[in-house]
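Nothing in this text is a laboratory measurement; each read-out follows from the coordinates by a stated rule. Since the structure is predicted, the reported quantities are computational estimates derived from the model, not experimental observations. Note that we place each Cβ from the backbone using ideal geometry, even for glycine, and neighbour counts take in every protein chain shown.
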Amino acid sequence: MTNVVRIHEFGGPETLRLDAVELPPPGPGEALVRQSFAGVNYVDVYHRTGLYPLPQVPAVLGVEGAGTVAAVGAGVDSVVVGDRVAYTALPAGAYAAARLVPAERLLRLPATVSERDAAGIMLRGITAHMLLHRTYPVEPGTTILVHAAAGGLGLVVTQWAKLLGATVIGTVGSAEKAGIARAAGLDHAILYRETSFVDAVKELTGGRGVDVAYDGIGASTLLETFDAMRPFGTVASVGQAGGPIPPIEVAQLGPRRSLSLSRPSVFGYMTDLEAYRTAATALMSLLEQGRINVAIGAVYPLADAARAHADLEGRRTTGSILLAA
């Protein structure tokens, strides 16, 4: 029997329940991974609430993890028993002490990369690769705006963007979070509760605005972000942690600054196996070289998944948060 965290209905954190289930042996193309850690991400909240409905319930949540290969199914030669591996992908199922994973999604970990760090960065790292290389190619001289710069994704995007030569402006909720983001390389921190981030961006850019903005907050923040852009800039909407995104008319993009609005999906990006492995390999190379650090804000026991969700939604966390399987 294997311990898993499942929902039996959609709802709040209280719907997360620790259950014991029987796992079948790995089938063709599958590997059984004994997990050390599972990452907790905002998409898990969307799955739990039903905003992004899962195919059926009961359902195990979680889309990234790391551990050791315990068994492989027929036709698997990309990993062997004993390999340390990490992954991120649908279908969900990472909130578990062990799980079956398509072997093609597993990435062997370099000796210097811990399972803890890998589980804390796989989804965010591949999202960052998508945003910085596919959504809007960032290069030396690019100025970007990152909302929630001290969050798990914000810290990865900031570090990777700095490696590409960008100037990074970020919004944060407190002086403490500003310090965390600056330690990751953030050039300018805006405390959005104390000042208008639009006014601050205009002042920092001499009235020009930023080239590209990454918004995972949603709600009214997305519309305000339009006013922080340079002409023909790009806004990437990557989430709605602050609430639903209001309806947007195409005409709103033109009179303001002739903007491009993108709604990139990392799961859509990862359906292309070549793109997934390219991004994951680039991420692991940066981790191995020590050029990107993984900020783990908190580690909870698997049984405390509900508390992890409550803290994430309450914005009481920074960096990545994990469940120890």
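Of the set (1) touching a Leu at 6+ places or on another chain (Cβ under 6 Å); (2) part of a helix (DSSP H, G or I), all apply to Y46 but (1).
Taking the conditions exactly as written (farther than 17 Å from T143 by Cα and over 20 Å from the mean Cα position of the chain (by Cα)), does V250 satisfy them or not? When the stated conditions are applied, V250 passes them. Taking into account only those residues within region 300-325 that are under 16 Å from the mean Cα position of the chain (by Cα) and aliphatic (A, V, I, L, M), which is nearest to L155 (Cα to Cα)? For region 300-325, the residue satisfying everything is I321. Taking residues in region 139-157 that are surrounded by fewer than 24 Cβ atoms within 10 Å (Cβ to Cβ), and partners anywhere that are not basic (K, R), the pairs with Cβ atoms closer than 6 Å and at least 6 places apart or on different chains are P140/G165; T142/A166; T142/D211; T143/T167; T143/V210; T143/D211.
Selection of first residues in region 75-96 that are over 15 Å from L109 (Cβ atoms) and touching a residue at least 24 places away in the same chain (Cβ under 8 Å) and of second residues that are acidic (D, E) and not in a loop (DSSP other than H, G, I, E, B), restricted to Cβ pairs under 6 Å at least 6 apart or on distinct chains, gives the following pairs, ordered by first then second residue: A94/E64. When you scan region 200-214, do you find a residue that is within 17 Å of A166 (Cα to Cα), touching a residue at least 60 places away in the same chain (Cβ under 8 Å), hydroxyl-bearing (S, T, Y) and not in a strand (DSSP E or B), even just one? The answer is yes; a qualifying residue exists.
The residue that is farthest from T142 (Cα to Cα), among those in region 211-232 that are more than 22 Å from the chain's Cα centre (by Cα) and buried (at least 23 other Cβ atoms within 10 Å of the Cβ), is A228. Among the residues of region 8-47, the one identified as buried (at least 23 other Cβ atoms within 10 Å of the Cβ) and more than 18 Å from T88 (Cα to Cα) is L16. Exactly one residue among R291, R277 is more than 30 Å from F232 (Cβ to Cβ), over 18 Å from the mean Cα position of the chain (by Cα) and touching a residue at least 24 places away in the same chain (Cβ under 8 Å), and that residue is R291. Listed conditions (1) within 26 Å of H133 (Cβ to Cβ); (2) surrounded by fewer than 22 Cβ atoms within 10 Å (Cβ to Cβ); (3) out of contact with any His (no Cβ under 9 Å at 6 or more places or on another chain) are all met by G243, apart from (1). The set of residues in region 300-320 that are part of a strand (DSSP E or B) and buried (at least 21 other Cβ atoms within 10 Å of the Cβ) comprises G319, S320. Of the residues in region 86-97, at least one is closer than 22 Å to L18 by Cβ, buried (at least 16 other Cβ atoms within 10 Å of the Cβ) and over 20 Å from the mean Cα position of the chain (by Cα).
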